[in-house]
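Everything on this sheet refers to the single structure shown next.
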Amino acid sequence: MMMDDEILHLLREKASNSLSGEEISHRLKVSRTAVWKRVKRLRSLGYEIEASTRSGYRLVRSPDLLTPSELKPILNTKWMGRMIHHFHTVDSTNSMAYQLALGGAQEGEVVIAEAQKKGKGRLGRYWFSPPSLNLYLSVILRPKIPPQQASLITLMAAVATADAIQKLSCLVPLIKWPNDILVKGRKVAGLLNEIHSEMDLIHFVILGIGVNLNMDRKMFPIGIRTKATSLKNEMGQKVSRKAFFSCLLEELERWYAIFLEEGGPPVLKAWRDRAQIKGRDVKVSSFGETLVGTAVDVDSDGALILETKDGKRKRVVAGDVEYSKRVES
Ligand code: BT5
């Protein structure tokens, strides 16, 4: 893999011209046959590389792959995503990131996959993750905050994801408590945060984000077809996965810094602006119980405050919300 990246790096430096096989072999200290084999391999991955005996190799087009060599040149972050673990298929990027974090992976390392076989939603649910169309990624964070504040990280990530969607698509997404991102009332992205902690110390948080970018409506499983959407569906045009990745990481890095420096208030304010939850009639399922009432707000820990018909206030820390009326963003 390293050598593939080095060849691509050299070819990109010479984007408008060709580079001879001899020069590549000289610079990488390998034989010309080895270079040729690698070029063949890169072509099989979708790279269009012209080869002529006179002038050498020229990179004509790169595939829409989310490999480190494709992503790093366009990434504008300071530290997030500087280490990217890319996989064609994994069970779940969250599970992979969790294992890497247990093994000592650093804050800001990212796991990304073209497809997931067992993409995870919350509460044992699934995340539909077909290959090469969308974004499935997990970021390892090691915030020095008490575990009770971990749900603010979920809200922070939801705000960052919504901001990235708006920047790239000009659509205005709405956040549905706690972690759904809706466009025109349909779910376009979901977040799953997993935390590894002691009573009063977080070891790490895995921030899992799935965004439907280029999936057509008919590709969704029947059960979610009317509830889910993709940016392509809503914009009527394909979205560059690389550009979206870059924008998302920038927003995450920015919002995480705000959260660490200023705490919950700016995150909660941005979340409230995006969620417009106050006064909505909602049905909430939480730990097997169903509550019906009016949403009052989220509190400083990100819990949902609900007023039931009999005027009682309830605090919900985890669960699912259904709006009585369909929401349009
Ligand atoms: C979520 O759960 O919305 C969290 C999804 C997180 C996915 C990312 S992908 C990268 C990382 N690695 C993982 O393994 N997971 C994270 P929840 O709120 O429980 O919503 C799950 C429900 O959404 C399912 O029961 C379906 O009804 C629906 N759903 C499944 N796949 C979907 C999709 N691709 N788009 C929209 N809705 C979907």
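The values are calculated or read from the model by the stated rules, or taken from the named source; none is laboratory data. Bear in mind the structure is a predicted one, so any value in this text is a computation, not a measurement. Don't worry about glycine lacking a Cβ; one is built from the backbone with ideal geometry, like all the others, and counts go over all protein chains shown. What goes into the accessible areas is simple: the full protein's heavy atoms, side chains included, and nothing from ligands, DNA or RNA. Shrake-Rupley method; radii C 1.70, N 1.55, O 1.52, S 1.80 Å.
Here is a yes/no grid of residues against (1) surrounded by 14 or more Cβ atoms within 10 Å (Cβ to Cβ); (2) of a type in the set (Ser, Thr, Tyr); (3) touching a residue at least 40 places away in the same chain (Cβ under 8 Å):
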| position | (1), (2), (3) |
| --- | --- |
| Arg280 | yes, no, yes |
| Ser285 | yes, yes, no |
| Gly288 | no, no, no |
| Gly293 | yes, no, no |
| Leu304 | yes, no, yes |
| Val316 | yes, no, no |
| Tyr323 | yes, yes, yes |
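Residues that are modelled with pLDDT of 95 or more and open to solvent by 50 Å² or more (accessible area, probe 1.4 Å): list the strands (runs of 3 or more DSSP E) wholly contained in region 125-241 that include at least 1 such residues.
Numbers: elements: 135-141, 174-176, 180-183, 186-198, 201-211.
Fully inside region 125-241 and qualifying: 186-198, 201-211.
Restricting region 77-96 to residues that are assigned to a helix (DSSP H, G or I) and over 13 Å from the mean Cα position of the chain (by Cα), which is nearest to the ligand (Cβ to nearest atom)?
Only one residue tops the list, namely Ser95.
Which one is farthest from the ligand (Cβ to nearest atom), of the residues in region 104-124 that are assigned to a loop (DSSP other than H, G, I, E, B), at pLDDT 95 or above and open to solvent by 70 Å² or more (accessible area, probe 1.4 Å)?
Only one residue fits best here, namely Gln106.
Output the residues belonging to region 19-60 that are assigned to a strand (DSSP E or B), surrounded by fewer than 15 Cβ atoms within 10 Å (Cβ to Cβ) and modelled with pLDDT of 90 or more.
Result: Glu48, Glu50, Ala51, Val60.
Tell me which residues, restricted to region 184-216, are within 11 Å of the ligand (Cβ to nearest atom) and farther than 16 Å from Ser138 by Cβ.
Within region 184-216, Arg186, Lys187, Val188, Asn212, Leu213, Met215 meet the criteria.
Mind listing just one residue for me: the one in region 217-250 that is free of Cβ contacts under 8 Å to residues at least 60 places away in the same chain and polar (S, T, N, Q) and, of those, farthest from the ligand (Cβ to nearest atom)?
Per the criteria, the residue is Gln237.
Starting from residues that are small (Gly, Ala, Ser) and under 14 Å from Asp4 (Cα atoms), keep the ones in region 61-103 and report whichever is most open to solvent (accessible area, probe 1.4 Å).
Ser62
Quick check on my filter: what residues within region 306-329 are more than 28 Å from the chain's Cα centre (by Cα) and assigned to a strand (DSSP E or B)?
Across region 306-329, the qualifying residues are Leu306, Glu307, Thr308, Arg313, Lys314, Arg315.
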